[in-house]
Every structure is written in structure tokens, then in C-alpha cells.
1. Could you tell me the distance between the Cα centroids of the range 8-43 and the range 85-133, to the nearest Å?
2. Can you sort Tyr114, Tyr27 by how many other beta carbons sit within 10 Å, fewest first?
3. So if R0 is 25 Å, what FRET efficiency would Thr50 and Arg117 give, r being the distance between their Cβ atoms, rounded to the nearest 0.05?
4. Based solely on its DSSP helices, what 222 nm [θ] is calculated for the chain when runs of n ≥ 4 H residues each add -39,500 (n - 2.57) and the sum is averaged over all residues, nearest 500 deg cm²/dmol?
5. Taking amide hydrogens as modeled 1.01 Å from N in the peptide plane, which residues meet the under 5 Å criterion relative to His136, leaving out close sequence neighbours?
6. With an 8 Å Cα cut-off and a minimum separation of 6 or more residues, compute the relative contact order for the range 1-95 in percent.
7. Within the chain, how many Lys pairs that are eight or more residues apart, or on different chains, come under 20 Å at the alpha-carbon?
8. Just add up the charged neighbours of Ser139: K/R +1, D/E -1, any other residue whose Cβ is under 14 Å from the Cβ of Ser139.
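Nothing in this text is a laboratory measurement; each read-out follows from the coordinates by a stated rule. What you are looking at is a predicted structure, and each value in this text was computed from that prediction instead of being measured. Because the Cβ atoms are built from the backbone with ideal geometry, glycine has one as well, and the counts that use them run over all protein chains shown.
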Amino acid sequence: MKIQRLTTENRPKVYALLRGAFPSSDYEAALVQKLHDNGRVIHEWVCIHTGKAIAYIAFTNAYHGRDICGLHLAPMAVAPEFQGRGVGSELLRFALRQEAISSQPLFVLGEPGYYSRFGFEPCRVPICPFDKNNAHFLSMRNATATSFVVGYEPEFTTAAAPTGTTRSRKRGRR
Ligand SMILES: CC(C)(COP(=O)(O)OP(=O)(O)OC[C@H]1O[C@@H](n2cnc3c(N)ncnc32)[C@H](O)[C@@H]1OP(=O)(O)O)[C@@H](O)C(=O)NCCC(=O)NCCS
């Protein structure tokens with residue numbers, strides 16, 4: 001499987017992948033597009049197979065106030081027809097080995113049963129603003145001792161549906 005950094009040219013393929021992997025939600029595709037449009041720091045990799053993006057992973061800055069305190073893993077997606085074949089695991093393990101990622105505190109809002117396979121553990125602090133009681137919020141290399149609400153890039157909020165529908169559990173996931 002060929003994993004590569006996402007190029008500007010391949011961005012539309014990733015938006016299409018995200019719409020396919022999250023069929024009932026435009027949030028993830030809109031989020032990544034806004035992060036790109038606004039020039040946010042984003043560490044991202046993609047698997048291109050026969051001209052299509054079949055898997056994607058992104059990390060963006062996590063904040064304690066104005067200070068960067070780690071990286072959020074979000075979103076991550078595998079095209080439906082390639083799910084359950086180990087593609088997501090391979091991409092995530094690859095990303096976790098990369099220099100920009102391998103020594104940073106990491107946070108993810110997602111299924112504990114999935115992310116615990118890769119070294120993520122339940123996170124007590126900081127508090128995730130998109131998850132009640134941090135039930136689906138996990139971290140790695142997180143030495144936080146005090147309680148604060150971890151910050152995300154503003155696009156994580158502004159990419160939400162303008163109708164104001166509460167989608168807090170999904171926001172920021174994968
Ligand atoms: C979640 C996702 C990134 C995983 O990628 P993938 O390539 O399908 O995963 P893998 O094939 O590497 O899976 C490895 C293992 O994790 C398990 N797994 C996959 N999704 C899981 C989940 N949500 N919770 C717990 N375990 C999960 C698989 O069953 C597999 O187990 P096995 O090794 O015992 O067979 C991918 O399925 C995806 O993009 N899904 C779309 C978004 C989605 O469905 N989200 C779920 C609700 S938010």
C-alpha cells in the first residue's frame with residue numbers, strides 16, 4: 001500500500017473519500033476543506049489506489065489556551081469498499097511513526113475499542129469540548145495534570161451544519 005503526503009492536487013479526492021466514508025454527514029469533508037482553505041497546520045497522509053483516495057488521516061494542533069499542547073487526530077477514514085482489510089490500521093501505524101507525530105501528545109475522539117489497539121488510552125484531562133465526560137476521548141503521551149478544555153482549530157466548530165444541529169459526538173471524530 002502506497003502512503004503519501006497529501007498534495008494540493010489530490011485534495012478533491014480526499015473530500016470525495018470523506019463524503020463516501022461518512023455518508024450521512026458533510027461535516028468531515030467540509031472540515032478538511034476549510035482547514036486547507038484557511039492554511040491551518042495539518043499533518044496528513046493519503047493512500048491513492050488506481051487514481052482514487054482510499055484512506056486518509058489528519059492531525060491538527062491541540063491547544064491549551066494559546067499554547068500548542070499536542071495534536072488532534074481527526075479525521076481518519078477508509079473508503080467503504082476497503083474497510084475491514086487492515087488499511088486503516090496500516091495508515092494509522094505509519095502516521096504514528098512519522099517524525100511530526102511520533103513524539104507529540106496525541107488526542108483522538110473516537111471508538112475506544114479501535115484506538116486502544118494503537119496505544120491510545122482513556123483521557124481524563126484535558127476535557128474534550130465535543131464529548132460528554134470524555135467517554136470517547138483518548139490520548140497518548142499525555143502528561144496533563146490540571147483540568148482545562150482542550151482547544152481545536154476553529155474550523156472544527158465552524159464546519160458544523162449551519163442549522164446548528166447538535167452533532168457533538170461526531171465532531172472531530174476520525
Ligand atoms: C474506522 C475506520 C477508519 C477503520 O479503518 P479500517 O481499514 O476499516 O480498519 P481495519 O481494517 O484496519 O480494522 C482493524 C480492526 O479494527 C476493528 N474496527 C474497525 N472499526 C472499529 C470500530 N469502530 N470500533 C472498534 N473496532 C473497530 C475491525 O473490526 C478490525 O478488527 P480485527 O483486526 O479484529 O478484524 C474505517 O472503518 C472508517 O473509515 N469508517 C468510516 C467511519 C466510521 O464508520 N466510523 C464509525 C463510527 S464513527
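1. Here the answer is 19 Å between Cα centres.
2. Working: Tyr114 16, Tyr27 21.
Ranking Tyr114, Tyr27 by Cβ neighbours within 10 Å, fewest first, gives Tyr114, Tyr27.
3. Working: r = 28 Å, r/R0 = 1.12.
E between Thr50 and Arg117, to the nearest 0.05, is 0.35.
4. On the way: 6 runs with 45 residues, N = 174.
Here the helix-only value at 222 nm equals -6500 deg cm²/dmol.
5. none
6. Values: 136 pairs, mean separation 25.2, N = 95.
Once divided by the residue count of the range 1-95, the mean separation gives 27 percent.
7. Details: Lys2/Lys13; Lys2/Lys52; Lys13/Lys34; Lys13/Lys52; Lys34/Lys170; Lys132/Lys170.
Final tally of qualifying lysine pairs is 6.
8. Details: positive: Arg124, Arg141; negative: Glu121, Asp131.
After counting each charged neighbour, the total is 0.
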